[in-house]
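Contents: one structure, followed by commentary.
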Amino acid sequence: MEKKRRLHGFAGRIVLCAVIITSGVAFGNQSDSQAERPVMYELRLEGENIEQLILQSGNQKQTYNQPGKSIMLGPGTYQISQLQLKGGFMHYPYSDTIRLGPTHVGPGEPAILKAGGPLEQRVTVQRKGQLLTMDYRLIGVAGESYRNDNRYPPTFTIYKGDKEIASGKFQFG
């Protein structure tokens, strides 16, 4: 009987050791998988009606369709490659006189990218003798300019009093 108790006690210790060892392996695997997951940080988007955002970091481009109010990114520096708003309005940063700076994403407070709507229409008119020169720009929240898909270019009408004296369509470029 004494011999049976010793065997049961010994077997119980072996089972207990096996449980501890396998639990340790499971915990080890969990921490390994956590180490493999990249750390992500928030980029808040301060602008409306963003339909598609293409960000570039180094040689990598990432496309976000309907990004909402924020997206999660790995740490790094990001530059807008292209930005499309609802209605077909496009921002091409390489052809704009207003350059939106790079955005740094990392630990601490969420990074903020200010671009998009609401859009503001601006017309600048200059007189050169008998000629009026008009410049039309569609401006976003950070001063960046947008173009539409040119199917519906903006139009204008000039009146002298109640009499229409000229009308036409603006051309981009």
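The values are calculated or read from the model by the stated rules, or taken from the named source; none is laboratory data. Small disclaimer: the values here were computed from a predicted structure and weren't measured. Please note: Cβ atoms are built from the backbone with ideal geometry, for glycine as well, and neighbour counts cover all protein chains shown.
Remarks
- Of the listed requirements (1) in a strand (DSSP E or B); (2) modelled with pLDDT under 95; (3) loosely packed, with under 15 Cβ neighbours inside 10 Å, residue 82 misses just one: (3).
- Set 73, 113, 85: member being in contact with a Ser or Thr (Cβ under 6 Å, 6 or more places away or on another chain) and aliphatic (A, V, I, L, M): 113
- If you go through region 43-73 and keep only what is in contact with an Asp or Glu (Cβ under 9 Å, 6 or more places away or on another chain) and in a strand (DSSP E or B), you end up with 65, 70, 71, 72, 73.
- Qualifying residue in region 73-90 (condition: farther than 20 Å from residue 40 by Cβ and free of Cβ contacts under 8 Å to residues at least 12 places away in the same chain): no
- Residue 44, sole failed condition from (1) within 22 Å of residue 143 (Cβ to Cβ); (2) charged (D, E, K, R); (3) modelled with pLDDT under 95: (3)
- Take the conditions (1) assigned by TED's automatic domain parsing to the domain that holds residue 65; (2) farther than 19 Å from residue 170 by Cα; residue 141 misses just one of them, which is (1).
- Residue 76 more than 26 Å from residue 154 (Cα to Cα), loosely packed, with under 13 Cβ neighbours inside 10 Å and not hydroxyl-bearing (Ser, Thr, Tyr): no
- Matching residues in region 102-129 - criterion: being more than 17 Å from residue 78 (Cβ to Cβ) and assigned to a loop (DSSP other than H, G, I, E, B): 118, 119, 129
- Hits in region 88-101 - residues which are surrounded by fewer than 14 Cβ atoms within 10 Å (Cβ to Cβ), of a type outside the set (S, T, N, Q) and not in a helix (DSSP H, G or I): 98, 99, 101
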